[in-house]
Structures are given as structure tokens and as C-alpha cells.
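The values are calculated or read from the model by the stated rules, or taken from the named source; none is laboratory data. Keep in mind it's a predicted model, so treat the numbers as computed, not measured. No Cβ is skipped: glycine too gets one built from the backbone with ideal geometry, and neighbour counts run over all protein chains shown.
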Amino acid sequence: PSAYISDWTRNTLEQGAIHRRLAELGVDIVLNRTVTSIASGSVVTACVYTGARQELAADAVVLVTSRNQDDAVWRELKARESEWAGNGIRSIKVLGDAEAPGPIAWATYAGHRFARELDEADIGDALPFRREVTALAAN
């Protein structure tokens, strides 16, 4: 339940454009409600503030729920490590939601960083840039 279609996109300045586009497409935007039950042909929601219930017709329901780590592909590849050299593979890396579930921005950054550092020495958690730290005068 949220007052926005996608809370995270407020941080990326995309919220307005996403909301506007969905509205233009005729999407019925339902905010500040939680799903209380799902039945054949309908979904019952409740207002997060008042608890007032509303039944909505629905042919299908897509649940966006908790983020779960899924590193099955990485584990399968790791189990075949003896085959790597013969196929020109030196190493594999688990990243994104396979490493730790998180917002899409984190997975995107992990993929971007991996591509930038491909075939480079592993820098671990060291920052690949310098930060300027300034002290404020106490006046």
C-alpha cells in the first residue's frame, strides 16, 4: 500500500512520468489500499487508513511480494567448475538479486559495475572513485 505507483521512482525522478503514462493508457490507479482477499473473478481491497473494503473485478492477479534470493543458476555453474577452463571460462560472479535481493537500482548498478570491471583485478568493496570530505568551520 502506497500513495505512489512506485515509491522508489520518486528517488529517480521517474514517478511523475510513470504515473502520467499509466493514466494516459487508461490504467485504473488504486493507491493506499491493501489486498485482503483474492477470489475467482475479483479482489477485495481495504483502505490502509480506514479499513473500508472494496471489491474489484479481476481476470488475473499478479502478486509483487517479498524479494527472494535465487542463485540456482550460479550454484549449478559453480558445481561444474571443472568444465570452465575447457570452455574459456576463468570465473563466474553472482550479482544482483541472486546475490542479495534489493531494489532494481541495486541490481542495475551491480550489472553496470560488473561490466566496467570485467577482466580487471577484483577491488572488493573499495570505491572506484575518490570522495571529497570537507570540514565545516565552527563559527
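Structure notes:
- Yes/no for Val62 being closer than 29 Å to Gly102 by Cα and exposed (fewer than 13 other Cβ atoms within 10 Å of the Cβ): yes
- Set Thr108, Thr36, Thr9, Thr50: member being touching a Lys or Arg at 6+ places or on another chain (Cβ under 8 Å), without any contact (Cβ under 8 Å) to a residue 24 or more places away in the chain and not small (Gly, Ala, Ser): Thr36
- Options Ile29, Ile38: the member that is hydrophobic (A, V, I, L, M, F, W, C) and either closer than 24 Å to Gln15 by Cβ or touching a Ser or Thr at 6+ places or on another chain (Cβ under 6 Å) (or both): Ile29
- Here is the figure for segment 65-92: residues that are of a type in the set (D, E, K, R) and surrounded by 13 or more Cβ atoms within 10 Å (Cβ to Cβ) total 1.
- Residue within segment 36-58 that is at pLDDT below 95 and among the acidic types (Asp, Glu) present: no
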